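Presented below is the structure to which this report refers.
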Amino acid sequence: MATIPPVPDNTENFNHVFKLLQGEYPDAEPMLHFKNPLELLIATILSAQCTDKQVNKVTQVLFKKYSSVEDFANADINELGKDIYTTGFYHQKAKHIIGSAQLILTEFGGKVPDTMEELLKLPGVGRKTANIVLARGYNIIEGIAVDTHVTRLSQKLGLTQNSDPGKIELDLMELAKKEDLENLSMTLILHGRNVCIARRPKCGVCVVNKLCPSSEV
DNA sequence: CTCCCGATAT
DNA sequence: ATATCAGGAG
């Protein structure tokens with residue numbers, strides 16, 4: 001014990017950090033391509049441990065072949081696996097997509113659910129995926145999508161002491177203003193991709209390096 | 001905790 | 001060669 005740095009973490013500090021980051025990424029748009037909640041759900045399931053660019057490449061073809069919940073529910077797992085092969089975890093993802101589509105048909109009247117509770121019942125859907133579907137598919141901002149970037153930046157910026165994504169989400173919810181919830185996740189992700197890169201963070205060009213406990217400059 | 005897993009950057 | 005990418009299930 002006693003090795004955890006005492007981070008002077010407060011709401012004011014967070015708002016300062018976020019304001020600076022928002023200035024860097026004014027139009028923090030989602031990068032996944034989709035035309036409806038179903039496509040968003042599928043694309044987000046596919047995005048696990050995969051770049052959005054690769055997901056878009058796959059879905060561009062995929063959504064022409066499978067265009068309805070029924071198409072996915074009745075898909076052959078091996079064939080779907082080949083269709084999404086390059087996103088990685090292809091067998092698991094194919095199983096999850098088919099399972100989700102079947103549950104949507106049998107339990108949710110063929111419509112992608114618009115509540116956290118129902119979305120979490122879908123196989124392959126956790127809080128991160130559910131938060132994205134709610135926010136981008138239905139304009140319902142309930143929580144914050146905590147992915148690997150959000151986890152890393154929250155820890156490095158001293159916004160949380162936790163490593164569990166669910167706990168980090170709660171920590172960020174307490175710090176952020178309601179009007180910031182919508183863009184918080186995407187802003188942190190963009191900064192994580194462009195500047196605070198996992199392997200070699202560019203602290204020298206980071207707009208919040210003065211406020212960052214982990215800054216290397 | 002481990003496993004699932006290909007594509008990409010370094 | 002290795003770490004990492006809009007994670008979730010067992």
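Per-residue answers, yes or no, for (1) under 13 Å from A:Leu159 (Cβ atoms); (2) under 17 Å from the mean Cα position of the chain (by Cα):
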position	(1), (2)
A:Leu175	yes, no
A:Lys178	no, no
A:Leu184	yes, yes
A:His191	yes, yes
A:Lys210	no, no
A:Ser214	yes, no
A:Val217	no, no
Seminar exercise, completed: Those residues of region A:171-205 which are outside any helix (DSSP H, G or I) and within 16 Å of DNA strand B (Cβ to nearest atom) amount to A:Val195, A:Cys196, A:Ile197, A:Ala198, A:Arg199, A:Arg200, A:Pro201, A:Lys202
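Considering only residues that are of a type in the set (Lys, Arg) and either farther than 12 Å from A:Val69 by Cα or in a helix (DSSP H, G or I) (or both), which ones fall in region A:97-133? Step through it out loud before you land on a result.
So in region A:97-133, the residues of a type in the set (Lys, Arg) come out as A:111, A:121, A:127-128.
Listed by number, the residues that qualify are A:Lys121, A:Arg127, A:Lys128.
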Seminar exercise, completed: If you go through A:Val133, A:Val125, the only one that is within 15 Å of DNA strand B (Cβ to nearest atom) and within 18 Å of A:Thr59 (Cβ to Cβ) is A:Val125
Exercise. Applying the selection to region A:61-79, what residues are in a helix (DSSP H, G or I) and either within 13 Å of A:Leu38 (Cβ to Cβ) or within 16 Å of DNA strand C (Cβ to nearest atom) (or both)?
Worked result: A:Leu62, A:Phe63, A:Val69, A:Glu70, A:Asp71, A:Phe72, A:Ala73, A:Ile77
Exercise. So A:Lys156 clears everything in (1) charged (D, E, K, R); (2) more than 10 Å from DNA strand C (Cβ to nearest atom); (3) more than 18 Å from A:Ser215 (Cα to Cα) except one condition, right? Which one?
Worked result: (3)
Exercise. Taking region A:74-112 as the region of interest, how many residues are more than 22 Å from the chain's Cα centre (by Cα), of a type in the set (Gly, Ala, Ser) and farther than 21 Å from A:Asn56 by Cα?
Worked result: 2
Problem set entry | Subset of region A:81-122 (residues that are surrounded by fewer than 18 Cβ atoms within 10 Å (Cβ to Cβ), within 10 Å of DNA strand B (Cβ to nearest atom) and of a type in the set (Lys, Arg)) | A:Lys95
Seminar exercise, completed: Residues of region A:177-203 being at pLDDT below 95 and away from DNA strand C (no atom under 11 Å from the Cβ), in sequence order, are A:Lys177, A:Lys178, A:Glu179, A:Asp180, A:Leu181
Exercise. Which residue pairs have Cβ atoms closer than 6 Å, lie 6 or more positions apart in sequence or on different chains, and pair a first residue in region A:170-194 that is free of Cβ contacts under 8 Å to residues at least 60 places away in the same chain with a second residue that is of a type in the set (Ser, Thr, Tyr)?
Worked result: A:Asp171/A:Thr160
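The values are calculated or read from the model by the stated rules, or taken from the named source; none is laboratory data. A quick note: this is a predicted structure, and the numbers were derived from the prediction, not measured. Cβ: placed from backbone, ideal geometry, glycine included. Neighbour counts: every protein chain shown.
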